[in-house]
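Take a look at the structure set out below.
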Amino acid sequence: MNNFKLKKSDLLIEGVSIKKLSKKFETPFYCYSSSAIIEKFKEFEKPFKYLDTIICYAVKANQNIAILKILSKLGAGTEVVSEGELRRSLKASIPPKKIVFSGVGKTSNELNYAINKNILLINAESKSEIIEIEKIAKSKKKYVNIGIRLNPNTDAKTLTHISTGKKENKFGVTEKTFFELVKHTKKSKYINLKCLSVHIGSQIVNNQPYEKMLKIVDRIIKKVNHKFEFIDLGGGMGISYNNKIKKLNYKKYSAAVKNFLKNHKSKIIFEPGRSIIGNTGILISKIIYIKKNKDKDFI
């Protein structure tokens, strides 16, 4: 990270001494580089700039309002999974029409709040959730924009515990259910199905899972008789934790998305989280006590 530099026995963040900061503020505390956040956002944005996209930062990665304000000024939207994250996004001046509400466990109160705020999309994960959205929309006599999250049964080749796109994972609906839900929404007086949504996992550093995901989405769109204004491709872009891990090749991913869009005139939504914020901050702490034992010292 160019914004973090060692100078003799001190670490500087954007030229500011960590030692001085640790004297000014009580430790432990997190310290983030706004320059690094801007740099990471622009690094992600650049390869996709010539495509019709909305970059919705995944608030779950870090919900600090100061960070959300930086991203808001850069033109970012947000992807939220709770009312709390939605409230923080609005407080940070994220436009409602750039906010996507995802997640399997949205409560009626949370859906009610999101519908009142006229956000861009609620990405539904089940028929029962769609019925609940319809019920709230009917009571308000409103037309609500939703997406349906498809489970593409795609292995992201990452840790099993952070996989979200395989058939055994709780997220999204099967291909068969997806087609059934599209038919259901067409009959609804209160639902406007605008988006097909997918998200296959986290810490992905290989382009192949994304390319496979795009092929599946392409096939399903061709089979279903519906025009999607948005295709939400989720996030999951990985970062380097050491020199052995390669970063995801954004240029290759951009080329794959561009090829996908030759057949589909939709706006693309991306939901990067870790890839924007993961390498931009540090935790500052002080040594309080040293305890010496026979075989090991504890700090």
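Bear in mind these aren't lab numbers, they're just calculated from the coordinates by the rules spelled out. All of these numbers come straight from a predicted model, not from anything done at the bench. Neighbour counts run over all protein chains shown; Cβ positions are idealised from the backbone, glycine included.
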Output the 0 to 90 degree angle, nearest 10, between the alpha-carbon long axis of helix 175-186 and the longest principal axis computed from the alpha carbons of the chain. 60
Using only the alpha carbons of segment 183-299, what is the convex hull's orientation-averaged projected area in square nanometres? 12.8
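Using only alpha-carbon positions, what ratio does the radius of gyration of segment 1-132 give when scaled by 2.2 N^0.38 Å?
On the way: Rg = 18.2 Å, N = 132, 2.2 N^0.38 = 14.1 Å.
Scaled against compact globular proteins, the figure is 1.30.
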Cross-link reach from Lys24 to lysines, straight Cα distance under 18 Å and at least 8 residues apart if same chain, gives Lys286
In range of the label at Lys42: residues from segment 1-29 whose backbone nitrogen is under 15 Å from the point 7 Å along Cα→Cβ: 2-3
Between the Cα axis of helix 127-140 and the main Cα principal axis of the chain, the angle (0 to 90°, nearest 10) is 80
With everything on Cα atoms, drop me the angle between helix 34-45 and the longest principal axis of the chain, reported from 0 to 90° to the nearest 10. 40
For a quick check, take a GNM of the chain with Cα springs below 10 Å and name the residue from Leu68, Leu283, Leu233 with the largest mean-square fluctuation. Leu283
Please identify the trypsin sites (Lys or Arg not before Pro) of segment 1-77 that satisfy two criteria: DSSP loop assignment and at most 15 other Cβ atoms within 10 Å. Which are they? Lys8, Lys49
Please work out the C-alpha center-to-center distance from segment 90-107 to segment 197-274 and express it in whole Å. 21
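Can you compute the helix-only [θ] at 222 nm over the chain? Use -39500 (n - 2.57) per DSSP H run of at least 4 residues, normalise by all residues, nearest 500 deg cm²/dmol. Show your work: numbers first, answer last.
On the way: 10 runs with 103 residues, N = 299.
Mean residue ellipticity, 222 nm, calculated: -10000 deg cm²/dmol.
Divide the volume of the convex hull of the Cα atoms of segment 1-46 by its number of residues and quote the answer in cubic angstrom per residue. Provide the component values of the computation, followed by the final result.
On the way: hull volume 3.4 nm³, N = 46.
About 75 Å³ per residue, rounded to a whole number.
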Collect residues whose amide H, placed 1.01 Å from N in the peptide plane, falls under 5 Å from the amide H of Asn151; neighbours closer than 5 in sequence don't count. Val173, Thr174
Please enumerate, by chain and number, the lysines with C-alpha under 22 Å from the C-alpha of Lys262, excluding those fewer than 8 residues away in the same chain. Lys46, Lys49, Lys194, Lys212, Lys215, Lys222, Lys223, Lys227, Lys251, Lys252
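Could you calculate the FRET efficiency of Lys142 with Asp52 from 1/(1 + (r/R0)^6), where r is the beta carbon distance between them and R0 is 22 Å, rounded to 0.05? Before the final figure, lay out the partial values.
Details: r = 27 Å, r/R0 = 1.21.
Computed FRET efficiency for Lys142 and Asp52: 0.25.
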Just Pro95, Pro152, Pro272 to compare: in a GNM of the chain, with alpha carbon springs under 10 Å, which one fluctuates most? Pro95
Which residues does a label at Lys267 reach in segment 102-125, if reach means a backbone N under 12 Å from a point 7 Å past the Cα toward the Cβ? 120-121
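Of the chymotrypsin sites (Phe, Trp or Tyr not before Pro) in segment 20-91, which ones lie in a loop per DSSP and count no more than 13 other C-beta atoms within 10 Å?
Phe25, Tyr50
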Cα centre as origin, Lys/Arg/Asp/Glu Cβ charges: the chain dipole, Debye: 340
Calculate the FRET efficiency for Phe179 and Asn259 from the Cβ-Cβ distance with a Förster distance of 25 Å, rounded to the nearest 0.05. 0.55
Set the Förster radius R0 to 22 Å, insert the Cβ-Cβ distance between Lys135 and Ser93 as r into 1/(1 + (r/R0)^6), and round the FRET efficiency to 0.05. 0.10
Distance from the Cα centre of segment 116-143 to that of segment 14-48, in angstrom? 38
Sequence-distant or interchain residues sharing an amide H contact under 5 Å with Lys267, placed H: which? Phe230, Ile231
